[in-house]
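Please treat every number below as a calculation from the coordinates, not as lab data. Nothing here was measured: the structure is a model prediction, and the numbers come from that model. Cβ placement follows ideal geometry from the backbone for every residue including glycine, while neighbour counts extend to all protein chains displayed.
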Amino acid sequence: MKTYMGVYQVTNTSSGKIFISTTPNLENRWLTVRMQLDMGRHPNSELQRDWNELGADSFTYQVLEEEEVTEDTDTRWELKQMKKAWLERLQPYGDRGYNKPPKE
């Protein structure tokens, strides 16, 4: 069975704010994120607060980029590069998103 890593986005459909993250295995990732949020244990406190206030129906999940994982894949490096590119492109900071701006 093939494994795909990638970048995903969680969107607050009420405010338009987005959260960008990566995972080494995209299969069932949304289930895992939803479970964290439903249990009040998501590491992003601002996203968690909005989820608690607005509920699951106010959020969507989307895979932005995926890549097959092979034995030669440097997963950690690849995911870091993918995330960096999407953060630069979408700028999900402040009023636009839940991510923290990169340190300069």
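How do the peptides 82-91, 5-14, 63-72 rank, highest first, by the average count of neighbouring beta carbon atoms within 10 Å per residue?
5-14, 82-91, 63-72
Show which aspartates and glutamates lie in cross-link reach of Lys17 when reach means a straight Cα distance below 16 angstrom and same-chain residues fewer than eight apart are skipped.
Reachable aspartates and glutamates: Glu46, Asp50, Glu53, Asp57, Glu88, Asp95.
Charges at C-beta only: +1 for Lys and Arg, -1 for Asp and Glu. How large is the resulting dipole of segment 4-91 about its Cα centre, in Debye rounded to 20?
Computed charge dipole of segment 4-91: roughly 420 debye.
Picking from Pro92, Pro24, Pro43, which is most flexible by a Gaussian network model of the chain using Cα springs under 10 Å?
Ranking Pro92, Pro24, Pro43 by mean-square fluctuation puts Pro43 first.
So, counting K/R as plus one and D/E as minus one, what does the shell of residues with Cβ under 12 Å around Ser14 add up to?
-2
Cα axis of helix 29-38 to longest principal axis of the chain: angle in degrees, 0 to 90, nearest 10?
For helix 29-38, the angle is close to 30 degrees.
Return the distance in nm (one decimal) between the two label points of a simple spin-label model at Val63 and Met39, each offset 7 Å from Cα along Cα→Cβ.
Placing both labels 7 Å beyond Cα along the Cβ direction yields 2.4 nm.
Given a cut-off of under 8 Å on Cα pairs at least six residues apart, what relative contact order in percent is computed for the chain?
Rounded, it is 40 percent for the chain.
Taking Rg and Dmax of the Cα atoms in Å as the quantity of interest, determine which of (i) 13.2, 40; (ii) 14.1, 48; (iii) 13.9, 43 was computed from the displayed structure.
Identified label for the calculated read-out: (iii).
What 222 nm value per residue comes from the helices of the chain, counting each DSSP H run with n ≥ 4 as -39,500 (n - 2.57) and dividing by all residues, nearest 500 deg cm²/dmol?
Rounded to the nearest 500, it is -10500 deg cm²/dmol.
For Tyr4 and Gln81, calculate 0.36 nm times their separation in residues minus their Cα-Cα distance, and state this gained length in nm to one decimal.
26.2 nm
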